[in-house]
Structure formats: C-alpha cells, structure tokens
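The block underneath contains the structure these notes are about, expressed in structure tokens.
The values are calculated or read from the model by the stated rules, or taken from the named source; none is laboratory data. Keep in mind the model is a prediction, meaning the values are calculated, not measured. Cβ coordinates were reconstructed from backbone atoms using ideal geometry, including for glycine residues, and neighbour counts include every protein chain displayed. The area values use the complete protein model at the heavy-atom level, side chains included, leaving out ligands, DNA and RNA. Shrake-Rupley method; radii C 1.70, N 1.55, O 1.52, S 1.80 Å.
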Amino acid sequence: MKYWLFKSEPDVWGWDDQVAKGDEGEEWNGVRNYQARNNMRAMEIGDRGFFYHSNIGKEIVGIVEVIATSHPDSTTDDERWDCVDIKAIKPLKTPVTLEMVKADERLQDMALVKSMRLSVQPVTEDEWEIVCALGGLD
C-alpha cells in the first residue's frame, strides 16, 4: 500500500462533501499539474491518503481510500488529464495543521512542506504514521 495527500479548498470541496458521497466516492478531478497527475497514475485500489483543507484551515482532516485507479477526468475532453476515485474512511480525531507539520522535525522532508503547491502528493510510511499519531489515530 502507498500513501498520498489530496489537497482541496474546503469552500469548493471539503471533507463533509467527501463524507457525504459515502462508499460511492467521488472523482478527484480538475487536477491540471503533470506531477500531480502522474502521482494519481501511480495509485492502486486500496492506497490511503490524507484529505487536506488548503487555503482555509490548512489542515489534514481525514483519511481517504483510492477506490478506482487512474482514468480520464470527466471534467475535460483533454486526454492528458486523468483522475482517481476516492472515498472517505474516517476523520482525524484532531486535525493536523500545516503549522504542526512544519514544527515537527520528523516531517521536515514531507512534500507538504517541500512542495506546498502540489495538489496530489506522495506521503512516506513514516510520515503517515507520524501524522496519524498527531491526529489521534492509532
């Protein structure tokens, strides 16, 4: 299993919107960055990801799971752009803010710190475990 981070502006598509889609999940569409697209192309069913509220809140609020591998993005006719489908798994007991991530020496190399603008990012297993612990999950 691989780990990822998905960024979304909560006033456009937030955690509550993702949760409301239930097991059906939702396309993670609208990504127009080659590196983020390539990250989605590397995903497999069952991979887990953090759901991050960008701009407003700037915090990791939940965990999602990839339920459909890379396929054409339904929001464009441009063949270059793909997306995956994800579903909400559970919220973090305590949101993990960007400030918390930056302040934690163990997370200094996390893509969220190094590549802040990238909307779909890889997360290492160690980073995953640290953030889950910070968020109150076992």
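A few points about this structure:
- Here the Karplus relation 6.51 cos²θ - 1.76 cosθ + 1.60, evaluated at θ = phi - 60°, turns the backbone of the range 29-34 into coupling constants of 9, x, 6, 10, 9, 4 Hz, with x for every Gly and Pro.
- The alpha-carbon positions of the range 18-72 define a convex hull whose volume is 100 Å³ per residue.
- Counting protein heavy atoms only, the chain has 45 percent of its accessible area on carbon and sulfur, 1.4 angstrom probe.
- The GluC sites (Glu not before Pro) found in the range 33-66 that occupy coil by DSSP, while having at most 11 further C-beta atoms within 10 Å, are GLU44.
- Rounded to 10°, Cα long-axis angle of helix 125-134 versus longest principal axis of the chain: 60 degrees
- Positive minus negative residues near GLY46 (Lys, Arg vs Asp, Glu; Cβ under 13 Å): -1
- Charge-dipole axis of the chain as Lys and Arg at +1 and Asp and Glu at -1 on Cβ define it, positive-most pick from VAL120, THR75, VAL64: VAL120
- Accessible surface, the chain, averaged per residue in Å² (probe 1.4 Å): 53 Å²
- P(r) tail for the chain: Cα pairs beyond 26 Å make up 15% of the total.
- Amide H contacts of TRP4: ARG48, GLY49, PHE50, VAL123, each under 5 Å away and 5 or more positions distant or on a separate chain (H built 1.01 Å from N in the peptide plane; Pro and chain starts excluded).
- Phi angles across the range 75-86 convert, under the Karplus curve 6.51 cos²θ - 1.76 cosθ + 1.60 with θ = phi - 60°, into 3J(HN,Hα) values of 8, 8, 8, 6, 5, 6, 10, 10, 8, 10, 10, 10 Hz, Gly and Pro given as x.
- Where trypsin sites (Lys or Arg not before Pro) fall in DSSP loop in the range 33-138, at most 12 other Cβ within 10 Å: ARG80, ARG117
- Cα-centre dipole for the range 18-138 with unit charges at Cβ (Lys and Arg positive, Asp and Glu negative), debye to 20: 400 debye
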